[in-house]
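Right, one structure below, let's go through it.
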Amino acid sequence: MKKRLLKVFTCLFLASSLVACQSAPAQKEQASVKVNKPTTTDAKPTKPVSKPAETSGIMQVYYLDVGQGDSIYIKTPNGDDILIDGGKNDRGDDVVAFLHKYHVDDIEVMIATHPDADHIGGLDTVLENMTVKSVYMPKVTHTTKTFEDFLVAVKNEGLKLKEAKGGVSLGLPGVDAHFVSPVSSYGEDLNSSSAVLRITNGENNFLFTGDATMEAEKDMIASGQDIQADVLKLGHHGANTSTSEAFLSQVKPKFAIVSAGKDNQYGHPTAEILQRMQEHNIKVFRTAQQGTIIATSNGKTITFNTDPSKIEQNTVKNNAAATPEKPVKTETPKTNQSSTTSLKAKVDNPNPDQYQTIHLDVTGMKGATYSAIFHFTSKDTTYTGTVGTPLPVKISRAKAGFKVLIDITVQKDGKEYQTQTSFIPK
Ligand SMILES: [Zn+2]
């Protein structure tokens, strides 16, 4: 089993990068990194630069709420789609559903940060359900069924793994996206081997760290690469093994994202890391509290779809998480658990003409205030309404033939209830 797995893996890599394989014995030493000069042939653009810009200058980063794990979707200004990790095995369907919801036609670049199940678990499902054009992963291996499923799915897609390592560029137009880690070899230490991607859109920088450890952070700093980022996805779900003082002083983030499950058994993020965020005056967003977090960069400023967590709450929450016998009081039911609520929504005209006014009718929690996000193809627009009172919405922005999903959320007594409807303009 292990042998077969290794063979599949080696073949995938051999075929993809002979150069990398030949130089493998030298990997014990620190690899030299030239940030702007790709070090392998893999770094060439995967497609011509001719795709029309769908959202000129706007880049969106979705930190998906996949419970305990990571999954991040990025739409570049040129309309290219990047997926970093896919959550656990049982979250693959959620990730695919999310991508369909946002009309993602194909994935230009898939990145498996490292072979742990909370990162690659759902990627095989994505590979089976969507067209994926390239897959990057650091040169590490694992012996799990989850990892084997992933490798088989890559092979079935007709792809060869490309190596993710410091200095390798994704070669996508409109943004600078390249790996800043790993810059060394960490043997069996999968977390340290995590692929770390830095994306620059204009003046805005994002860093995606996987589960990179302080050891990897130290090597990134020593490599002399520019690792500054406005938004830092905290390494290893906010565990103490990542996000050193030294790393924070180099990255200098204004915002941090913690991708971790609610009341997870690991106590992620730790009180220590949250305190460090507070000391550095960094605003923290947590998928366990805000759900999917959307950062929108226009090249100058970055805006979020939600307010950051309150640090006081963080500390309280974290203490509760570290003591599993005391359940946290404020549960937040999500769409997929909404059987407990009677919240329902529909529109009075599912196929309206453009520039027509339609009415959104939300029922089930009479008198409650809701927010409704209309996911138009050009942008998201949020309306506020009252349950039981039809809300008129002029759909001037809607593009004919494209489904417009509407996410409706009611906040009541510290709980969150959600429902969804849609319409397709004629
Ligand atoms: Zn992890």
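The values are calculated or read from the model by the stated rules, or taken from the named source; none is laboratory data. Treat the numbers as computed from the prediction; the structure is a model and nothing was measured. Using ideal geometry, Cβ is built from the backbone for each residue, glycine included, and neighbour counts are taken over all protein chains shown.
Give the residues of segment 231-250 that are away from the ligand (no atom under 16 Å from the Cβ) and either within 13 Å of Met214 (Cα to Cα) or without any contact (Cβ under 8 Å) to a residue 40 or more places away in the chain (or both), sorted by residue number.
Just the residues of segment 231-250 that are away from the ligand (no atom under 16 Å from the Cβ), to begin with: 231, 244-250.
Ser244, Glu245, Ala246, Phe247, Leu248, Ser249, Gln250, listed by residue number.
When segment 82-114 is filtered for residues that are closer than 21 Å to Val140 by Cβ and either surrounded by fewer than 22 Cβ atoms within 10 Å (Cβ to Cβ) or of a type in the set (Lys, Arg) (or both), the ones remaining, listed by number, are Lys88, Asn89.
Among the residues of segment 217-227, those that are touching a helix residue (DSSP H, G or I) at 6+ places or on another chain (Cβ under 8 Å) and assigned to a helix (DSSP H, G or I) comprise Glu217, Lys218, Met220, Ile221. Scanning segment 209-230 for residues that are of a type in the set (Val, Ile, Thr), touching a Lys or Arg at 6+ places or on another chain (Cβ under 9 Å) and more than 16 Å from the ligand (Cβ to nearest atom) yields a total of 1.
Applying the selection to segment 357-377, what residues are in a loop (DSSP other than H, G, I, E, B) and without any contact (Cβ under 8 Å) to a residue 60 or more places away in the chain? I'd like the intermediate steps shown before the answer.
Step one: filter segment 357-377 for residues in a loop (DSSP other than H, G, I, E, B), giving 364-368, 376-377.
Hits for segment 357-377 are Gly364, Met365, Lys366, Gly367, Ala368, Phe376.
Scan segment 84-112 for residues that are touching a residue at least 24 places away in the same chain (Cβ under 8 Å) and either within 16 Å of the ligand (Cβ to nearest atom) or assigned to a helix (DSSP H, G or I) (or both) and report the count. Show your work before the answer.
As a first pass, look at segment 84-112 and keep what is touching a residue at least 24 places away in the same chain (Cβ under 8 Å): 84-96, 98-99, 101-112.
Adding the requirement that they be either within 16 Å of the ligand (Cβ to nearest atom) or assigned to a helix (DSSP H, G or I) (or both) leaves 84-96, 98-99, 101, 111-112.
Total meeting the criteria: 18.
For Tyr62, indicate whether it is touching a Phe, Trp or Tyr at 6+ places or on another chain (Cβ under 6 Å), surrounded by fewer than 22 Cβ atoms within 10 Å (Cβ to Cβ), modelled with pLDDT of 95 or more and assigned by TED's automatic domain parsing to the domain that holds Leu159. For Tyr62, the condition - touching a Phe, Trp or Tyr at 6+ places or on another chain (Cβ under 6 Å), surrounded by fewer than 22 Cβ atoms within 10 Å (Cβ to Cβ), modelled with pLDDT of 95 or more and assigned by TED's automatic domain parsing to the domain that holds Leu159 - is met. Scanning segment 127-143 for residues that are more than 20 Å from Leu197 (Cα to Cα) and at pLDDT below 95, we see that the one that is nearest to the chain's Cα centre (by Cα) is His142.
Taken over segment 376-426, the criterion of being exposed (fewer than 14 other Cβ atoms within 10 Å of the Cβ), of a type in the set (S, T, N, Q) and under 17 Å from Gln290 (Cα atoms) is satisfied by Thr382, Gln411.
Considering only segment 384-421, state which residues are free of Cβ contacts under 8 Å to residues at least 40 places away in the same chain and among the small types (Gly, Ala, Ser). Correct list: Gly385, Gly388, Gly401. Residues in segment 63-79 that are assigned to a loop (DSSP other than H, G, I, E, B) and of a type in the set (D, E, K, R): Asp65, Asp70. Candidates in segment 229-283 are the residues that are outside any loop (DSSP other than H, G, I, E, B) and aromatic (Phe, Trp, Tyr); of these, the one that is surrounded by the fewest Cβ atoms within 10 Å (Cβ to Cβ) is Phe255.
Among strands (runs of 3 or more DSSP E) entirely within segment 113-208, having at least 2 residues that are touching a residue at least 60 places away in the same chain (Cβ under 8 Å) and away from the ligand (no atom under 16 Å from the Cβ) singles out 176-181, 196-201, 204-208.
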